[in-house]
Structures are given as structure tokens and as C-alpha cells.
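Student: Take this structure first; my questions come after.
The values are calculated or read from the model by the stated rules, or taken from the named source; none is laboratory data. No experiment lies behind these values; they were computed from the predicted model shown. Neighbour counts run over all protein chains shown; Cβ positions are idealised from the backbone, glycine included.
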Amino acid sequence: MSNSPSKRSYKEMLTTLGPAILLTITGFWVAYQFVAPPPPKKITITTGSKAGAYYKIAQQYRTELAAEGIELEIITSSGSKENISRLLNKQADIAFVQGGTGNDEGSLQSLGSLYYEPLWIFMRKEVAAQKITDLAKLRIAIGQEGSGTRVLATELLELNHLTSETAQLLPLSSSEAATAFIQKQIDVALMVASESSATIQQLLHNEQIKLLELRRTDTYTRLLPYLSKITLPEGIVDLENNIPNQAIKLLAPSANLVITEDFNPALTVLLLRAADNIHHNATIFSAADSFPTDQFIAYPINEVAERFYKVGPPFLMRYLPFWPAVFIDRMIVMIIPLLALILPLGKIMPPLYRWRIRSKIYRWYKELQEVDDSIHQQQLSSEQFVTLSQELTTIENEVNKVKTPLSYADQVYNLLLHIDLVKKKLQAQKEC
């Protein structure tokens, strides 16, 4: 029996707060549907061959992401075309893609361009060519099938009416072409690669190999808008030996970091921060902080990336480690709508609770008034006296059992005094 008042108090509170609690839980569930899934702790990037720049750069990304607790798996490929195919087939999460190699794959998005990838047109020293059309009837390495080099080389040669019918086009990779030069199996090689590539450095230092300077770079950049014109300064490769011995104009697509449209937004920011750390330094073709950029992109810019380039990383990620920032950011999506629900409920519930307490007191007063009216309106029989006495006892017991806040204690005690007063009236009529 000692627990019955607290049980009734609990029941009273549950009756009052129950709908609000149910509404809050429902609001919590609805808000949760809009919370982005947590970032995966392992993602995959598709690059190029192990000897290529994409693979080496991917290793830098792996180091950057590992510092934030993300494992980056690197898988090699034949080049940009295969990388695009892997993204579309959900075989990779991220890819390095050479500008100009993609088509209209609507589900792919760019996180920006990372650096210039120069197009190098190497020739044997004895080849007398001053422009691309002079390469007719020669043996030309145009890159392996599926590579970005193959796409650009084919497009550039076709603009100059060079096809497999007018020249011998060979599907050799950069390293294979370098070997073929030494063995005198090719006359020309088109390569898209970083200036730091071991193959490029080897060919630049080979006195039997020279570069074809493109004089019509303005024309090519208009015909192929994904290309930029750049200059290889005199002596920049080797000052002591003055390599190259004159400034040379080159064409260059740019390397893009590409994802699918469903890639996790939080990881997108992390990738962009890693890209900024890796690519912001000056190179022989670009000034410091020229890359990464939302210019020269192969696909539509990702919405998160577009915001990153305009205002930087989100507020929380500027000041907090990655995982705490992600947790708080996900919770904000739930907290804001819940606050919009809880704050009005916080204003409504206290008056509602007060109304329920007062309504109980008023109900007892109504019952008490009915007993009082019965005493004054008629001469009571013994049975009526017993009945009214029992009603008063019932009201008094209910009042004594209810647990009310201290702010309503005066009303409860007043009610008990009034019950006692009516009891005395009833007893007085009985004695008359």
C-alpha cells in the first residue's frame, strides 16, 4: 500500500507527458531518416600503373587519410578509361581521371582538377618534323588501350588527319615506348605524364630524343577546350646541362579527382583537404595555390566541393578532428528539428499539467458541493446519511492519496478543511 501514491503519481505524469513523449520519439525517428550515413572506414581508389604518377600520388592520399582513421585501398588500372568504368560499375569509390577522357556519364562528379598533365611529343633526333602533320608515315606510340594518353593522342592526331591509314599507330605505354626508342622500334611517342615521371626524365636527358614544340597551341585549346597551354622553361629540367635548351610550348589536360554522386559528403571534405595539402605547392608549370581548383574539370563539380572552393571546409571541421566533427554534424540534423518540437512542448506541458491538477481539485469540489447541497435540501434518512458519509470518506481518501506539487499544497489543504467542514455539517444534521 505504501507504493500506491507514487504509482498513482507516476501514472498521472505518464498520462500527462505520454503524448509529448510519443510525439518527441516520432520526431526523433523522422529526423533520423534525414541523417547522412556515417562515413565508411575503408574506401577504394583506382589509379593507373604502379610506375605512373597516379599511383604515387594515391599513396600520398593514403597517408593523409590514414591520419584520420580512413583506410584507402589502391588498385591499379590501364588508365583513365578503365578508372571511369570502375566508378560506373561500383568497383571503386574514387578515381584519378585525365581531363578529356570522359563522356557524358551523368552519375560522376569532379572534386576538382589537381595538376597539369603535360602532353609530351618525343621524337628521334633525326626526325625532321615541325608540326604534327609532319608525323605522317612514322611509327607513333599513342598509349595503351584504356589510357588517357590513348584518348588524347587519337583525338589530336585525327584533328591533323593522321590515322592508322596514314601512320603506324602503336599501343605502347610510356615505359614501353621509352624502351622502344632505345631499341629504335618507334620514331615518335605521345605521352601524358607528370614532369617528375621517371620515364619523362629519362627521355628528356636522352640526347638522341627531342621534343616537338607545338606552335598552334591556341588553336588546339579552342578545338579541345579541356586542354591548357603551358610552357616548359629553358633549363628547368637540368640547369647545368640546360635541358631543354629553349622554352617549349606544350599542351596539357589536367588530372581530376572523380567520385560518384552518392559518395559520402564528409569524406568528400576529407579528400579535398588532402588534395589541398598534396597539390597546393608550386610546380614548374603552375604557381603555388593554383591547384586544386574547380577549373579544368572533367565532370560537373560536386556540390560539397563547390562550397569548399568558395568558403573552405565546414565550420566544425576547421576546429575539430574529423570523427568528432562528423558525429556533431550528423547530430545537428536531428537536434535542430527536435528543438523546434521540444521548445513549444516545453511551453505547453507545464500549463497542461497545472490544468490537470486543478481539474482534479475542481472535480472533488464539485462532488463535495453535491454532498453539501444534499445535506441542506432535505431531512436525511439513516441510509442517506451512510451514503453521504461514505462519499465524503471516498473524496477525502482520494485527496490524501494524490501527490501534488508544493505549489498546489495550499489548495489541497483547503479542500481537506472544507471536507472536514461538510463532515461536521452532516454530523450536526444527524444529531438534530
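Student: For the list (1) modelled with pLDDT of 95 or more; (2) touching a Pro at 6+ places or on another chain (Cβ under 6 Å), I need the number of the one condition that I142 fails.
Tutor: Only one criterion in (1) modelled with pLDDT of 95 or more; (2) touching a Pro at 6+ places or on another chain (Cβ under 6 Å) is unmet by I142, namely (2).
Student: Is segment 4-18 home to any residue that is among the basic types (K, R), at pLDDT below 75, more than 30 Å from G146 (Cβ to Cβ) and in contact with a Lys or Arg (Cβ under 7 Å, 6 or more places away or on another chain)?
Tutor: Yes: segment 4-18 contains one or more residues that are among the basic types (K, R), at pLDDT below 75, more than 30 Å from G146 (Cβ to Cβ) and in contact with a Lys or Arg (Cβ under 7 Å, 6 or more places away or on another chain).
Student: Please specify each residue of segment 232-281 satisfying the condition of being without any contact (Cβ under 8 Å) to a residue 40 or more places away in the chain, in a strand (DSSP E or B) and in contact with a Phe, Trp or Tyr (Cβ under 9 Å, 6 or more places away or on another chain).
Tutor: none
Student: Could I ask something else about it? Would you confirm whether or not segment 345-358 contains a residue that is exposed (fewer than 10 other Cβ atoms within 10 Å of the Cβ), without any contact (Cβ under 8 Å) to a residue 12 or more places away in the chain and of a type in the set (A, V, I, L, M, F, W, C)?
Tutor: Looking for residues that are exposed (fewer than 10 other Cβ atoms within 10 Å of the Cβ), without any contact (Cβ under 8 Å) to a residue 12 or more places away in the chain and of a type in the set (A, V, I, L, M, F, W, C), one finds none in segment 345-358, hence no.
Student: Do we find that P292 is buried (at least 22 other Cβ atoms within 10 Å of the Cβ) and under 29 Å from P40 (Cα atoms) in this structure?
Tutor: The answer is yes for P292.
Each row is one residue, and each column tells you yes or no for (1) under 26 Å from Y55 (Cα atoms); (2) crowded, with 17+ Cβ neighbours inside 10 Å; (3) touching a helix residue (DSSP H, G or I) at 6+ places or on another chain (Cβ under 9 Å).
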| residue | (1), (2), (3) |
| --- | --- |
| H205 | yes, no, no |
| P225 | no, no, no |
| L239 | no, no, no |
| P244 | no, yes, yes |
| K249 | no, no, yes |
| V269 | yes, yes, yes |
| R273 | yes, yes, yes |
| A282 | yes, no, no |
| A287 | yes, no, no |
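Student: For residues in segment 97-126 being over 22 Å from S197 (Cβ atoms) and hydrophobic (A, V, I, L, M, F, W, C), which is nearest to the chain's Cα centre (by Cα)?
Tutor: Looking at the filtered set, the residue picked out is L111.
Student: If you don't mind, there's one more thing I want to ask. Working only within segment 161-186, note down all residues that are within 13 Å of T149 (Cβ to Cβ) and touching a Lys or Arg at 6+ places or on another chain (Cβ under 8 Å).
Tutor: Answer for segment 161-186, where residues must be within 13 Å of T149 (Cβ to Cβ) and touching a Lys or Arg at 6+ places or on another chain (Cβ under 8 Å): L170, P171.
Student: Would segment 87-94 turn up any residue that is among the acidic types (D, E), free of Cβ contacts under 8 Å to residues at least 40 places away in the same chain and more than 30 Å from I209 (Cβ to Cβ)?
Tutor: No, segment 87-94 has no match at all.
Student: Are any residues in segment 160-177 more than 23 Å from R215 (Cα to Cα), assigned to a loop (DSSP other than H, G, I, E, B) and more than 43 Å from the chain's Cα centre (by Cα), and if so, which ones?
Tutor: Passing the criteria: S164, E165.
Student: Another one. Among the residues of segment 55-82, write down those that are closer than 28 Å to R150 by Cα, under 23 Å from the mean Cα position of the chain (by Cα) and part of a helix (DSSP H, G or I).
Tutor: I57, A58, Q59, Q60, Y61, R62
Student: Give segment 188-231 a look and list any residue that's of a type in the set (K, R), closer than 23 Å to Q295 by Cβ and part of a loop (DSSP other than H, G, I, E, B), or say none.
Tutor: Across segment 188-231, the qualifying residue is only R216.
Student: What number of residues within segment 282-314 satisfy the criterion of being in a loop (DSSP other than H, G, I, E, B) and closer than 15 Å to A255 by Cβ?
Tutor: 12
Student: I need the full set of residues from segment 136-154 which are in contact (Cβ under 8 Å) with a residue 60 or more places away in the chain and in a helix (DSSP H, G or I), in order please.
Tutor: G148, T149, R150, V151, L152
Student: Right, something else. Restricting to segment 121-135, what's the tally of residues that are in a strand (DSSP E or B) and farther than 20 Å from L159 by Cα?
Tutor: Adding up the residues that qualify gives 1.
Student: While we're on this one: Report, by residue number, each residue of segment 289-340 that is under 25 Å from A67 (Cβ atoms), modelled with pLDDT of 85 or more and of a type in the set (A, V, I, L, M).
Tutor: Residues satisfying the conditions are V304, A305, V311, L320.
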